[in-house]
Structures are given as structure tokens and as C-alpha cells.
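The values are calculated or read from the model by the stated rules, or taken from the named source; none is laboratory data. All values reported here derive from a predicted model rather than from experimental measurement. Here the Cβ positions follow ideal geometry from the backbone for every residue, glycine too, while neighbour counts run over all protein chains shown. With ligands, DNA and RNA removed, areas are computed over all heavy atoms of the protein, side chains included. Shrake-Rupley method; radii C 1.70, N 1.55, O 1.52, S 1.80 Å.
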Amino acid sequence: MEPISTALAGIALFKSAVDGIKGAIGTANDVGEIAGFIDSLFEGEKQVQKKRNKKSGVGVGDQFGIKSVAQEIIDAKIAKEQMQEIASMVDMRFGHGTWAGIVAERARRIQEAKEAAAAAKREQRRKQKELEENIKMGLMIVGVLTATIGLFIFLMVSVAKAIEL
């Protein structure tokens with residue numbers, strides 16, 4: 001039942017953030033003073049969307065039941081309305097385009113984080129492959145040295161036996 005609690009937490013976080021922004025926007029001198037609420041707003045929305053998109057752990061009856069479907073649609077519409085309301089409030093308080101700038105900057109940072117994670121993963125794969133190649137090369141060198149030493153010893157023993165005869 002963890003996905004349901006996650007959705008409830010997401011909805012509660014979203015509503016709490018909306019209330020916080022509405023309460024603080026009139027006295028805020030800059031966006032930084034409500035940034036924590038905005039972060040919570042986006043996190044709450046993310047949790048709600050994640051729950052909506054991922055139905056694992058929920059029974060078929062719960063997934064497709066009228067109550068579940070209706071609640072999801074209503075919650076999504078309310079969240080959308082409240083996001084538009086917050087966007088208007090932020091733009092009215094801090095100037096036209098402020099909300100669009102926040103959303104664009106957030107999207108840019110998320111994209112940069114994804115790209116950095118992908119680059120780190122590629123680098124890790126490259127290092128792993130390089131390590132494997134070094135191990136293979138080391139084993140080949142040890143094999144060649146062992147064969148060379150073995151051949152040298154064999155020749156020395158053969159020469160020693162030939163001299164004795």
C-alpha cells in the first residue's frame with residue numbers, strides 16, 4: 001500500500017505548498033523567500049504524477065474503479081488550476097514572466113542533472129571496460145612470460161642432458 005501513501009503524501013505536500021505560497025507571497029520581497037514552497041509544490045506534483053503513472057502494487061479493482069479514476073482526474077484538474085493560480089500570483093508579484101523563468105530554469109537544471117548522470121554512467125562503463133582490457137593484457141603478459149620461462153627451462157634441461165650424453 002506504499003503507492004497510495006506516496007500519492008497522499010504528494011497531494012498533502014502540494015496543498016501545503018500552495019497554502020504556504022498564498023500566505024507568504026504578499027509579504028515576500030523576492031522569489032527566494034517562497035522558493036522552499038515552490039520546491040515543495042514541484043515535488044508534490046512530481047509525487048502525484050509518479051503515482052498516477054505507476055500503478056504497481058495496486059489491485060485491478062483499485063486501478064480502474066470509478067472512485068479511483070474520478071479522484072485522479074479531479075486531483076489532476078485541481079492541481080493544474082492551483083498551479084495556474086500560483087503562476088499568476090508569482091507573475092503579478094514579481095513581474096510578468098517570472099513563473100515561466102522559474103519553470104524554464106527548473107527544466108534546464110533537471111536536464112543538466114540527467115545529462116551529468118548519463119555522462120557519469122558512460123565514464124563508469126569506460127573505466128570498467130578499460131580495467132577489463134588491462135586485466136586481459138596482464139594475463140596475456142603473464143601467460144607469455146610463463147611460456148617463455150617454461151621454454152627456457154626446457155631448453156636448459158635439454159642442453160644439460162645433451163651435454164651429459
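Below are the figures for this structure:
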quantity	calculated
Per residue accessible area of the chain, 1.4 Å probe, in Å²	72 Å²
Protection proxy ranking of 88-94, 134-140 - average other beta-carbon atoms within 10 Å, highest first	88-94, 134-140
Violating pairs (Cα-Cα greater than 24 angstrom) within the set Lys114/Lys136; Lys22/Lys51; Lys46/Lys127; Lys50/Lys127; Lys80/Lys121; Lys15/Lys77	Lys114/Lys136; Lys22/Lys51; Lys46/Lys127; Lys50/Lys127; Lys80/Lys121
Hydrodynamic radius (Kirkwood) for the chain, which is based on Cα pairs only, to one decimal in Å	21.5 Å
DSSP H segments from the chain that extend 24 Å or more along their own axis, Cα-based, with Kyte-Doolittle mean of -0.5 or above	2-24, 66-94, 98-164
Per-peptide average of other Cβ atoms within 10 Å, ordering 145-156, 70-81 highest first	70-81, 145-156
